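For reference, the structure discussed in these notes is given below.
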Amino acid sequence: MRLRSAVPAVLGAVLLLAAVPSSASAATGQFRYDYVTVEGYEATGFLNSPPSGECVNLPGVGPDNPLPGHSPKNRTDAWATVFADADCEGDSFALRPHTGGASERLKVRSVVFS
């Protein structure tokens, strides 16, 4: 008798879980880069657990700063493709997960994680 009443409850719970949208995936860890501020100071920018599959324009190296970021460090668990221009355009370079710093010659303004 108890089994008959438990089956609909379990099926209801399974259907409810299937209907709840999952959270957006994100790379776990931190992405870092260096840049020179518009005032001329050295700075380090970072993204903590950035979203996967969407282009991220890097803070501090936007249209108000003529100098791009450099020396990206991908300390996330996902591949990071960095771009020389905003909106993930221009020359690109892929960085493996959990890598140290890339060369200062690698200029960046945007990134996408996969």
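The values are calculated or read from the model by the stated rules, or taken from the named source; none is laboratory data. Computed from a predicted model, the values in this text were never measured in an experiment. Glycine also receives a Cβ, built like all others from the backbone with ideal geometry; neighbour counts cover every protein chain displayed. We work out accessible area using only protein heavy atoms, side chains counted, and drop any ligands, DNA or RNA first. Shrake-Rupley method; radii C 1.70, N 1.55, O 1.52, S 1.80 Å.
The residue pairs whose first member lies in the stretch 34-57 and is without any contact (Cβ under 8 Å) to a residue 60 or more places away in the chain, whose second member is among the polar types (S, T, N, Q) and open to solvent by 70 Å² or more (accessible area, probe 1.4 Å), and whose beta carbons are closer than 9 Å, counting only pairs six or more residues apart or on different chains, are 49/28.
Listed by first and then second residue, the pairs with beta-carbon distance under 7 Å, at least 6 apart or on different chains, first residue in the stretch 62-77 and on the phi > 0 side of the Ramachandran plot and modelled with pLDDT of 95 or more, second crowded, with 21+ Cβ neighbours inside 10 Å and of a type in the set (Ser, Thr, Tyr), are 71/33.
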